[in-house]
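Here the structure comes first, spelled out in structure tokens, and everything after it is commentary.
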């Protein structure tokens, strides 16, 4: 056998091995590398739009519907609860405030309450509540509908800060203010002169926190002159008596001109207890008969309801209509996006 090789490597083959292999240029692959980032960017925009649209649908329809459903369920449960007057230790603050509501300012009512219920355990896990129960258990309940400091509200309008067991304590605001007007209770000092009703006579007493003066001249008419706090003359009365306990004047014409006398200032014809009412603090200026009425859960007196629970109702059809429109818009958006994406690809080609 000779020493000849089976093959020979040419110089051209050695050069070809050392040179890098160059593939022909593909325009299709280059266009694909350009289009893919554009498709990724488009898909990102699509996802962002769907997230925003879903959030808007939740905020405007689903969320409010859930809240209203909770409010309605709580009110329906409260329909069967008994009622009681709050205890005298309760503190209730009412006020009106000018707040921003859109482009304008409007006056809105608010309240903050620390209510106390006096209750006794009558059965296992069942309580009965009444402010006059002796040695009862006091249950404290905080309830408030106040202006919120939040600067963002999707639907615009008024911002509220809510506190308490009621899902929406703001529904009790009008009821509380009506109760306040009905009993004549105020959380501020009375704006004198004020009228004080007396069931014995057709005419009420007029109460002044300033001096009423008897006509001093012999030829003057037999009556008393009374004034406002700023010293301005108000009117005259046949009968005025002075309360040393409160430094208030109680005046009326119920006894006629014949009973008019300078000595009336020492009389005590005014109703019994009238002095005590003006001496009392605003929170104690009403009796339990006039106290705020609340409904309470016998199994848990900290769950209360103020107002008429039967007046609370929701209309699901409104939310259903809005939801249908919102879902239709989402479906339309989802179907429209592939069309736009496909069109953009055709334009690229």
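Going from the residue with the fewest nearby Cβ atoms within 10 Å to the one with the most, 89, 174 rank 174, 89.
For segment 194-281, the fraction of C-alpha pairs farther apart than 21 angstrom is 26 percent.
With R₀ set to 30 Å, the beta-carbon distance separating residue 122 from residue 91 gives a calculated FRET efficiency near 0.65.
Report the residues of segment 71-97 in range of a label on residue 130: point 7 Å along Cα→C-beta, backbone N strictly under 13 Å from it. 83-85, by backbone N distance to the label point. Averaging 1/r across all pairs of distinct Cα atoms in segment 191-240 and inverting the result yields a Kirkwood radius of 11.9 Å. Taking the number of Cβ atoms within 10 Å of each Cβ as an exposure proxy, the fewest-first ranking of 176, 91 is 91, 176.
Per-residue Cβ neighbour counts within 10 Å put 270, 109, 200 in the sequence 200, 109, 270, beginning with the fewest.
Only the coordinates and a few stated rules stand behind these numbers; no lab work does. Just so we're clear, the structure is a prediction, and the values are computed from it rather than from any experiment. When we count neighbours, we look across all protein chains shown, and the Cβ atoms used for this are built from the backbone with ideal geometry, even at glycine.
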